[in-house]
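Below is one structure, written out as structure tokens, with a few remarks after it.
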Amino acid sequence: MAKTTLTISSKNYSSWSLRGWLLAKFAGLEFEEVVTAPDDPSARAEILLLSSSILVPCLRHEGATVWDTLAIAEYLNEICPDAGLLPEDRVQRAHCRSICGEIHSGFTTLRASLPVNLKGHFPGFKIWSRAQADIDRVCTIWRECLAKSGGPFLFGARRTMADAMYAPVVTRFATYDVKLEPKLAAYAKTIMAMPEMREWIDAALAEPADIEELEVEY
């Protein structure tokens, strides 16, 4: 049987790689990382061959090739149903899918203005008003989820695909010193304290020197 692989890019800069990697970890799927160096032209050429949409992460499992984080999330939920990537309750599942879709397709100003950079820390960072609107919307999503579920994760005691999808936003808030109300700050702290996040961040910090052209979302 072919081995399971997950192709990812820079752990310091790639929010999408982090999402896919966390989803696979949450699912309990054993996989081998295939890392493409985003600053290497040959690696970029390799990425072009991964999928028609030229995106990482890309999961290869038992003959299936799955790219796009939402597709990966749904695939993992299908093959690992006991992992709880989606809530058991039908209404909560619908809510979970909705907020995952929202972060997947929206918040473009937040992405552009506050790119993922796990090595960076910018106290007092001046946030553009349109980016603040995105931040406010994220906070509303978190606030409503936590009020209904009681936490510590967005849909209660178990981690779901929503926590993986919003984890890069948590890192953005830490990097750019975004102030959060206590309950939301507690949620962010819970995400950052997860063993999987600590593993990812440690690897990000060990990456080679910063790449100037990657100081943007990609």
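Laboratory data are not the source of any read-out in this text; all were calculated from the coordinates shown. Computed from a predicted model, the values in this text were never measured in an experiment. Cβ placement follows ideal geometry from the backbone for every residue including glycine, while neighbour counts extend to all protein chains displayed.
The table that follows gives values for the structure above.
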{"read-out": "Coil-residue trypsin sites (Lys or Arg not before Pro) of region 61-166, DSSP, other Cβ within 10 Å capped at 12", "value": "Lys126"}
{"read-out": "Residues whose placed amide H lies under 5 Å from that of Val34, excluding near-sequence neighbours", "value": "Leu6, Thr7, Ile8"}
{"read-out": "Whole-Hz couplings from phi, Karplus 6.51/-1.76/1.60, listed for region 197-208; x for Gly and Pro", "value": "5, 5, 4, 5, 5, 4, 5, 4, 5, 8, 5, x"}
{"read-out": "Euclidean distance between Cα centres, region 163-213 to region 79-153, Å", "value": "12 Å"}
{"read-out": "Cβ-placed point charges (K, R +1; D, E -1), dipole of region 85-200 about Cα centre in debye, nearest 20", "value": "80 debye"}
{"read-out": "Difference of contour (0.36 nm per residue) and Cα-Cα distance, Arg90 to Phe31", "value": "18.3 nm"}
{"read-out": "Ellipticity estimate at 222 nm from DSSP helix runs (n ≥ 4, -39,500 (n - 2.57)) divided over the chain, nearest 500", "value": "-16500 deg cm²/dmol"}
